[in-house]
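A short write-up of the structure that comes next.
Bear in mind these aren't lab numbers, they're just calculated from the coordinates by the rules spelled out. Please read all numbers here as calculations on a predicted model, not as lab measurements. Don't worry about glycine lacking a Cβ; one is built from the backbone with ideal geometry, like all the others, and counts go over all protein chains shown.
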Amino acid sequence: MISPTLLGLFLTTCLTSPVQPAETVSKSNGKIVFYSFFEYVSSDGIYAVNPDGSELQQLINFGIEPTWSHDGSQVAFAWDGSIWTMNADGSSPSRITDPKAGAFSPNWSPDDSKIVFSGSEDSKYIYDLYIVNSDGSQEHQLTDHKLTSNNAQSPVWSPDGNKIAFVLFPQKCCGNEDAEIYTIDADGSDLQQLTNNSEYDLAPSWSPDGSKIVFSSGLQSFDIYIMNTQGDQFKQLTNTKDQEKNPSWSPDGSKIVYDRGNVLFTMNTDGTKQTQLVKPQIAGLDINPDWQSLASTI
């Protein structure tokens, strides 16, 4: 765990109250949205596909790191130093944050009223977490890299809205540094370290019931692992010669989508039935998948 001294320094004065979970929840798996790039074809952008690989369609011809709103009606994504949103069919794209030196990895709060993202205010590309209302209003900074000496990246909101899991990434590259997964309360308090090893732990994603986190780790050339939310009971799910990254739970909690060597796969949450989802074009890549919820009122 991180020291109380560092925790106290890390907290910022601009805090928000934790959001409340949405009144609608989903038990159904919708489409999978992802970023696709083809080196020799001018058709890169954000795509959506059914979980069985059918009905592949391009939603928009720009943008990276797409993520579904919890009601399945919108997609947030990053582009040109800003966070954007659009409708589920790719219509009405709208920039909701001012351009920064970089703004990436948006993720919706459970009630879809807010978006957390990683952003940099200057040209040094040192990242903190920010929260903004989904209409672009009331943006505020949640973490402070000057106090942690690390970049905060890849934030994801817990299903109950109380916590945000993210990665603290070294500001300097390519020495003996690593990256670890942390959680922080949505009001900026209670920073907790979950992973602790000498390799990079990246791309956390909460299970729909909030009891587990799936992530990618470089412990064995980047495979997919699962752990509980206290950071223990690790289980390795994949073990291939390819790098496997960017896992995302299905809304019903039964499957995980991820990219293996820049190709999309799905699997059961115990690691079985690993199935290729989309056949990429030559010299292309499909990455950063996220699974749509089909909401129903309860």
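Here are the numbers for the structure shown:
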item	result
Residues Thr240 and His140, FRET efficiency given R0 of 35 Å [Cβ-Cβ distance, rounded to 0.05]	0.25
Net +/- balance of residues flanking Trp249 in space, Cβ distance below 11 Å, scoring K and R +1, D and E -1	-1
Among 188-196, 154-162, the order from most to least packed when residues are scored by Cβ within 10 Å on average	154-162, 188-196
Region 185-234-region 47-82 distance, computed between alpha-carbon centres (Å)	24
Table column - 3J(HN,Hα) (Hz), region 63-77, Karplus curve with 6.51, -1.76, 1.60, x for Gly and Pro	x, 9, 6, x, 8, 6, 5, 6, 8, x, 9, 9, 10, 9, 7
Residues with amide H under 5 Å from that of Leu59, placed H, sequence gap 5 or more	Ile46, Tyr47, Ala48
Amide hydrogen neighbours beyond the local backbone of Glu180, cut-off 5 Å, H modeled	Leu168, Asp201
